[in-house]
Amino acid sequence: MRSKSKKADTLITHAGRDPYANFGVVNPPVYHASTILHRTVADLEKAQRNRYNQVTYGRYGTPTTFALEEAVAAIEGGHRAIAFCSGAASCYAAILGFVRAGDHVLVPDSVYGPVRAFCTGFLARFGVATTFYDPRLGAGIAELFQSNTRLVYLESPGSLTFEMQDVPAIVAAAKARGLRTVIDNTWAAPLFFKPLALGVDVEVIAATKYIVGHSDVMMGIAVCTEESFLPVRTAATEMGNHAAPDDCYLALRGLRTAAVRLRQHQAQGLALARWLEKRPEVARVLHPGLPEDPGHALWRRDFTGASGLFAIVLHRDIAKPAIDAMLDGMELFGMGASWGGFESLILPAHPERLRTAVPWTEGAVLRLHAGLEDLGDLIADLEQGFARLAAAR
Ligand SMILES: *Cc1c(COP(=O)(O)O)cnc(C)c1O
């Protein structure tokens, strides 16, 4: 398929598939493999020189892996993509591809928690320093550049608190200094934001969320430009990364319906956010798709939609026992890590435990994922939750 001329929905439906290469079967088959045989020494040597461009060993991927990687690369407008065993693994490899001992990286204060832990743990142990920056800094990020700064990491909107970043301004500042940029685009992928088109070097996606879409597979994907592919691919190899073929198959299967699911998650999320805005218990709704949100202008400029993940801040005088009473009795909103499946979720989030550049001083935060249930049923579940909260105050 000539992907350059095709629109997002078409790419999501068709990229990475070649039915007529497999009896007309619509979906790519699952190849299980470790050993790949070669008939001649010449073939073996060719494979060894070419290990990222053909099937050479199970760890580097089978045709099933390549189908997923090809699909996501086409959808995101990248040169190549690399599938990982988890979203976290893709974040870590994207950073490790560019840094060495003595380097410095800039990471937004609202970064996904495990990436923060990777920076303060693994990177620090191997001599790479991290500065966490206010995610709302735009071109002003340049003031934080040091002589040894190598990489600027972005995530927009941020985890738990949903601050929007001025991606083009940060990328321009980084490029002016020859620095690499990596962005975590999990929130909007694979439909609503295309950071590679804005000059970002590597886009990482926790495919566990909306690409898989059914809460049953862990998967990460790094989408790379031509120059960034080999460094990230090498880091993946050096860490022994491998995405399992059955999981790649399920990720591809989820991907095909991601566009319709995302639009419905968007509609449900915005409707719930607007309803929650009017609740007396809620001090603030953190959702860049709302006109009142401080990041709304950036979101409108750079994004074409919003996913179903957002948060609410409760008034400061609402204490833990009342919040626990609300959450303990939820019928439809499940409580648990991750998101992006078909079901609604609610989770006490604790930005105050994670922020170091901009301390969190507002009230308790609840993170919500708007699932695909009936909106009225979801609102009724929240309404009953607020009644339990009121009774426990
Ligand atoms: C979930 C998530 C990840 C990590 O993905 P896993 O598949 O759980 O490892 C990374 N970044 C963001 C923003 C996430 O929400």
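Using only Cα atoms, tell me the angle between helix 167-176 and the longest principal axis of the chain; keep it within 0 to 90° and round to the nearest 10. Tilt relative to the chain: about 50 degrees.
With a cut-off of 10 Å between beta carbons, the residues surrounding Leu179 carry a summed charge of +3, where Lys and Arg count +1 and Asp and Glu -1. The spread of Cα positions in the chain, taken along each principal axis and listed from longest to shortest, comes to 76, 54, 37 Å.
When we measure straight from the Cα of Lys6, which aspartates and glutamates land under 18 angstrom away, once same-chain ones fewer than 8 places off are left out? Within reach: Asp18, Glu69, Glu70, Glu76. Taking Val365, Val25, Val202 as the candidate residues, the one with maximal mean-square fluctuation in a Gaussian network model of the chain, Cα springs under 10 Å, is Val25. Using a cut-off of 21 Å between alpha-carbon atoms, which lysines can reach Lys320, once sequence neighbours fewer than 8 places away in the same chain are excluded? Straight-line reach from Lys320, under 21 Å: no lysines qualify.
Taking the Cα atoms only, what angle lies between the long axis of helix 87-96 and the longest principal axis of the chain, rounded to 10 degrees? The angle comes out at about 60 degrees.
What relative contact order, as a whole-number percentage, does the chain give when Cα pairs under 8 Å and 6 or more residues apart are counted? Here the relative contact order equals 17 percent. Contact order for the stretch 1-155, expressed relative to its length and based on alpha carbon pairs under 8 Å spaced 6+ residues apart, stands at 19 percent.
Relative contact order, whole percent, for the stretch 76-255 stands at 31, derived from Cα pairs under 8 Å and 6 or more residues apart. Diffusion of the stretch 258-392 by Stokes-Einstein, at 37 °C in a medium of 0.692 mPa s and with Rh set to the Kirkwood radius over alpha-carbon pairs, works out to 214 µm²/s. By the rule of a C-alpha distance below 29 Å, with chain neighbours fewer than 8 residues away ignored, the lysines paired with Lys4 are Lys175, Lys194, Lys209.
Return the loop-located chymotrypsin sites (Phe, Trp or Tyr not before Pro) in the stretch 12-74 (DSSP other than H, G, I, E, B) with at most 13 other Cβ atoms within 10 Å of their own Cβ; answer none if there are none. Answer by residue number: Phe23. Calculated FRET efficiency, Lys320 to Arg279, Cβ-Cβ distance, R0 = 22 Å: about 0.75 to the nearest 0.05. Report the paramagnetic label zone for Lys6: residues of the stretch 211-225 whose backbone N is under 15 Å from a point 7 Å from Cα along the Cα-to-Cβ axis. What the label zone holds, given the 15 Å backbone N cut-off, is no residue at all. With the cut-off at 1.5 for a/c, could you classify the stretch 348-393 from its C-alpha gyration tensor as rounded, prolate or oblate? Cα axes put the stretch 348-393 in the oblate bin.
Relative to the longest principal axis of the Cα atoms of the chain, the long axis of helix 245-255 makes an angle of roughly 50 degrees. Annotation for Arg39 and Asn148: the two label points, set 7 Å from Cα along the Cα-Cβ direction, are 5.4 nm apart. Distance from the alpha carbon centroid of the stretch 142-200 to that of the stretch 310-381 works out to 27 angstrom.
We did not get these values from a lab; they are worked out from the coordinates using the rules stated. Not measured: the values here are computed from a predicted model. Using ideal geometry, Cβ is built from the backbone for each residue, glycine included, and neighbour counts are taken over all protein chains shown.
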